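Reading through the structure tokens given below for one structure.
The values are calculated or read from the model by the stated rules, or taken from the named source; none is laboratory data. Note that this is a predicted model, so its numbers are computed, not measured. Every residue, glycine as well, gets a Cβ built from its backbone with ideal geometry; the counts of neighbours run over all protein chains shown.
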Amino acid sequence: MKKTLLATALLALFSLSVSANQSVHINPQTLSAVQWQDIEFSKNVKTELSANQNQTFTRSFAGTESPVVAYRITANQGALTIDIYSQIIDGNVFIPNAVVLDANFNVAASYPSSMFKFQEERGMLPNRFTAELNLTPVSGQDYIYLLIYTTQQDLGKTTTVPHPAKIYAKAMGNQPPAINDIEVKHSRSGEIVVNVSNEQGTRFIGLDDILPTKSSKKMTAVGATVDGSAAHSKAINTPVDKDTEAYFNQAVTKALKAKDINKALNLVNEAEKLGLKSPRQIFLKNVNSN
């Protein structure tokens, strides 16, 4: 019981700096009643959305009743990459916002619509808004959860996309014609495609800090530490249990075996923020032995 409480206390909430001022707060009890759909790895899963599927519980954080995509994802098979895209259909598009929840339905990461970037039609892919989520579930969690929705703010906007004739001309290497682009309405209707794969992640789900991404964007921790105080990026004085220390030791060793020095260093730095010393000792021992 003590171990479970400590693990739960370490499940702090995080968001990227771009969304730090837009933190999403959702009652975990509300989320436990959501119908979560299991999702298989490495398969494109499509979900059609419409206003007939509006959910009342989204009003408190989305400002409106929104249809939702709700997936339960296996979290005991290592790092995850989640690709999400919302395609433009018949002059309308569902603008996604996403949150990732830990095993106890606490918000672990928040991805506002500003993180979903527009990509032009190319090959078999349509005009779409897309984002890639890189996650690393901490051991001890069987599942994490992905919730996608839209907001009242997003519904009040439109997006201008290139006219198909311009896209075709560019693809053929010709001068695009001088015709007006198309204004697309943001809607409660649309189609969301999600693909989850076992790949290298950079954001820990279930710890009180996260690794820096390759883009060097500052990460902002939001939530409570073991003693209930606000989470922060400085060293934490709270004792860390042996399972957490073992997790970092194994992760550093694995990264070094894969010759991923940058990842190993990042893990060492994050471990030291928690007051752990053994990961650096493992790092130095392995590097000096080569």
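Check whether at least one residue in segment 73-96 is part of a loop (DSSP other than H, G, I, E, B), aromatic (Phe, Trp, Tyr) and touching a residue at least 12 places away in the same chain (Cβ under 8 Å), and report yes or no. Looking for residues that are part of a loop (DSSP other than H, G, I, E, B), aromatic (Phe, Trp, Tyr) and touching a residue at least 12 places away in the same chain (Cβ under 8 Å), one finds at least one in segment 73-96, hence yes. Residues that are part of a loop (DSSP other than H, G, I, E, B), farther than 17 Å from ASP181 by Cα and under 23 Å from the mean Cα position of the chain (by Cα) within segment 114-132 comprise just one, PHE116.
For segment 41-53, give me each residue that is within 14 Å of ILE148 (Cβ to Cβ) and either surrounded by fewer than 16 Cβ atoms within 10 Å (Cβ to Cβ) or not assigned by TED's automatic domain parsing to the domain that holds ILE144 (or both). Full working, then the answer.
From segment 41-53, those within 14 Å of ILE148 (Cβ to Cβ) are 45-49, 53; that's our starting set.
Scanning segment 41-53 gives VAL45, LYS46, GLU48, GLN53.
Residue-level check: of (1) closer than 21 Å to ILE39 by Cα; (2) surrounded by fewer than 18 Cβ atoms within 10 Å (Cβ to Cβ); (3) at pLDDT below 95, ASP181 misses just (1). Can you confirm whether segment 112-122 contains a residue that is surrounded by 18 or more Cβ atoms within 10 Å (Cβ to Cβ), of a type outside the set (Phe, Trp, Tyr) and farther than 19 Å from ASN195 by Cβ? Scanning segment 112-122 turns up at least one residue that is surrounded by 18 or more Cβ atoms within 10 Å (Cβ to Cβ), of a type outside the set (Phe, Trp, Tyr) and farther than 19 Å from ASN195 by Cβ.
Selection over segment 227-259 of residues that are assigned to a loop (DSSP other than H, G, I, E, B), at pLDDT 55 or above and of a type in the set (A, V, I, L, M) gives a count of 2.
Quick one: in segment 13-40, of everything that is part of a strand (DSSP E or B) and modelled with pLDDT under 90, which residue is surrounded by the fewest Cβ atoms within 10 Å (Cβ to Cβ)? Among those residues, the one meeting the criterion is LEU16. Looking across segment 128-140, the residues that are within 19 Å of ASN249 (Cα to Cα) and surrounded by fewer than 19 Cβ atoms within 10 Å (Cβ to Cβ) come down to SER139, GLY140.
In this structure, is LEU125 surrounded by 22 or more Cβ atoms within 10 Å (Cβ to Cβ) and assigned by TED's automatic domain parsing to the domain that holds GLN152? Criteria not met by LEU125.
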